[in-house]
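Enquirer: Right, I'll just put the structure down here and ask away after.
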Amino acid sequence: MNELEQLIGPLSGGSVVTLLVAGFIILVILKGVRIVPQSEQHVVERFGRLRSVLGPGINLIVPFLDRVAHQVSVLERQLPNASQDAITSDNVLVQVETSVFYRILQPERTVYRIRDVDGAIATTVAGIVRAEIGKMELDEVQSNRAQLIGKIKESVEDAVDDWGIEVTRAEILDVNLDQATREAMLQQLNAERARRAQVTEAEGHKRSVELSAEAELYAAQKEAEARRIAADAEAYATEVVAKAIKENGIEAAQYQVALKQVEALNALGNGDGKQTIVLPAQALEAFGDAFKLLKGRA
């Protein structure tokens with residue numbers, strides 16, 4: 001007591017009041033000024049009722065009347081990966097693993113309208129996933145995953161709109177099947193591969209037969225065309241001879257026959273000397289007739 005009296009003794013009554021007022025002012029400042037981080041929003045209550053929502057920066061509230069009841073992070077959040085069973089429209093049981101990302105846009109709705117945000121969103125997503133997969137067959141679930149994700153995200157956004165939440169992403173991480181279904185699908189896949197192989201082989205054989213037939217047809221056409229050309233040439237030669245005979249009489253025919261005989265004898269005479277030369281009985285006459293005709297035509 002003596003030491004306390006020695007410390008307080010020098011202070012007058014006015015000094016004590018000044019200290020008390022200064023302390024009260026400091027307390028008021030501490031209670032009335034709120035600094036909110038960029039990643040948060042603070043919900044202020046007055047006598048238990050919502051008063052305001054404080055954004056990032058320096059904010060002023062009424063000391064002793066207002067209080068910060070909730071400090072809500074507005075950063076994007078990820079729900080723990082969840083797995084739920086669903087049955088497709090063709091009665092196949094699948095296990096779907098999902099992941100959802102969201103963020104709080106209106107903290108006043110989130111804190112006063114829902115108690116467990118994560119649990120509520122997880123339950124909502126599970127129900128929507130079952131409903132959407134129930135409308136699709138297994139093949140559609142596997143092949144149209146992007147479309148399914150879009151539908152789930154849209155449905156979740158509509159469901160959580162009253163909670164002041166924005167669903168930023170919804171992902172289907174995996175779609176698993178039970179062992180019996182997998183084995184049945186594997187058998188079906190192998191059967192389909194075998195069928196496709198048979199179809200491909202049959203189509204290849206069919207194409208081979210078609211190409212072979214086309215080749216034979218092409219060869220026949222070319223052979224017929226060659227025969228037609230030869231026949232045309234022979235007919236043309238006959239026509240020329242007939243025209244010569246008509247114009248020059250029998251002498252032209254005799255001239256052609258004699259000329260052929262001379263050419264044949266000349267070919268025999270140009271041999272290597274080892275062959276036998278056969279002369280017709282009228283060989284000399286043929287030579288004579290040919291020379292006469294040649295002389296006469298000259």
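The numbers here are math on the coordinates, done by the rules we state, and not lab data. Only a predicted model underlies this, so the values are computations on that prediction, with no experimental measurement involved. Reconstructed Cβ throughout: ideal geometry from the backbone, glycine too, with neighbour counts over all protein chains shown.
Enquirer: Say a paramagnetic label sat at a point 7 Å from the Cα of LYS206, along Cα to Cβ; which residues of region 170-198 have their backbone N under 20 Å from it?
Expert: 192-198
Enquirer: Can I ask one more? Taking 0.36 nm per residue of separation and subtracting the Cα-Cα distance, what length does fully extending GLU137 through ASN91 add?
Expert: Value of the extension gain: 15.7 nm.
Enquirer: Further question on the same structure: Starting from region 22-122, pick out the trypsin sites (Lys or Arg not before Pro) whose DSSP state is loop and whose Cβ has at most 16 other Cβ atoms within 10 Å.
Expert: ARG115
Enquirer: Any chance you could run the full-extension gain for ARG49 through GLU76? It's 0.36 nm times the residue separation minus the Cα-Cα distance, nm to one decimal.
Expert: 7.0 nm
Enquirer: Restricting to Cα pairs below 8 Å that are 6+ residues apart, what does the relative contact order work out to for region 12-73? Please round to a whole percent.
Expert: 34
Enquirer: If eta is 1.306 mPa s and T is 10 °C, what Stokes-Einstein diffusion coefficient results for region 12-73, Kirkwood Rh from Cα pairs, in µm²/s?
Expert: Translational D for this selection: 123 µm²/s.
Enquirer: Measuring from centroid to centroid over Cα atoms, what is the spacing of region 17-31 and region 118-138 in Å?
Expert: 57
Enquirer: Above 15 angstrom, tally the Cα pairs of region 139-227 and express them as a % of all pairs, no decimals.
Expert: That fraction is 78 percent.
Enquirer: Filter the GluC sites (Glu not before Pro) in region 36-79 down to the DSSP loop ones having no more than 16 other Cβ atoms within 10 Å, then list what survives.
Expert: Filter output for region 36-79: GLU76.
Enquirer: Could you tell me the calculated FRET efficiency between ARG195 and LYS222, based on Cβ-Cβ distance and R0 = 30 angstrom, to the nearest 0.05?
Expert: 0.15
Enquirer: Further, regarding this structure: With the cut-off at 26 Å, report for region 75-224 the share of all Cα pairs above it, as a whole percent.
Expert: 49
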